[in-house]
Amino acid sequence: MNFKQFKQKIRRSDSESNNQLHWFSSKISSYVSYFAFKLGLSADQMTVVFFIFGIASSISFISNSIIYTIVGYLLFRMHIICDMSDGDLARINKSFSIRGVYWDSMAHSIINPLIGITICFSFYSKYEDIIFLILMSILSLTISLTSAIKNNYFKALYFHNFQKNKINILNLNSGFKGKIFFIVSEMLAMEGLILLNLLESFVPISKNNLLILIILYIFGNVIVVLIKWYLNSYKDGSISKV
């Protein structure tokens, strides 16, 4: 099977909206998927690979070194690309499973809070101010909530035997307001926090300004969680990256 045939077979039914969510990673993931396919990797094995990249990324952020911060960012990008690739491998091999979805969700539930923790810890080690440790705890909780708000909704669907799929559920990325919400939520998600950490490595931000930005980030996450909670509770659900 050549790459062109492979790319056609892994095409998602919602590829357009998914590529909007992962506009950068979608340009590369199919090549990584094809390489993994040729190596004979399964979807579950690729999920393990993306988990390893995610953990390695979070560990890199502990250091205040510019080099390690850049490495951490590149590893984060690779973990997103491999995250997309496990779905490609599941489609090409027709190997979708509850285990695969479960592993994927568990990996994100571990990686995302851990990245928030290690970034705040790096700020603590740099400024030696305990307030960063306090914010670290609050931040990891709000990041966990952004995953829980979605995962628990689908858990409720499962227990109530609701037969809904992603296409039938409100897509927060549609329309002008949806795109604005998507951009804002992206900046409040891992992307925004990691970019802040990367920026701080090149252009040092004063401690007070950094504290303000992290607090705003926490409040922003809380607002996103409340919006999604409302939509899930009263508007038949929501789908978004965050």
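The values are calculated or read from the model by the stated rules, or taken from the named source; none is laboratory data. On a predicted model such as this, the values are computed, not experimentally measured, just so you know. Positions of Cβ are backbone-derived with ideal geometry, glycine not excepted, and every protein chain shown enters the neighbour counts. Ligands, DNA and RNA are excluded from the accessible area calculation, which covers all protein heavy atoms including side chains. Shrake-Rupley method; radii C 1.70, N 1.55, O 1.52, S 1.80 Å.
Points worth noting:
- Residue in region 121-132 that is free of Cβ contacts under 8 Å to residues at least 60 places away in the same chain, surrounded by fewer than 21 Cβ atoms within 10 Å (Cβ to Cβ) and assigned to a helix (DSSP H, G or I) present: yes
- Residues in region 15-32 that are open to solvent by 40 Å² or more (accessible area, probe 1.4 Å) and modelled with pLDDT under 85: 6 in all.
- Scanning region 164-177 finds no residues that are modelled with pLDDT of 75 or more, of a type outside the set (Val, Ile, Thr) and open to solvent by less than 70 Å² (accessible area, probe 1.4 Å).
- Count of region 196-218 residues, restricted to those that are surrounded by 12 or more Cβ atoms within 10 Å (Cβ to Cβ) and assigned to a helix (DSSP H, G or I), is 15.
- Verdict on residue 35 being at pLDDT 80 or above, hydrophobic (A, V, I, L, M, F, W, C) and exposed (fewer than 14 other Cβ atoms within 10 Å of the Cβ): yes
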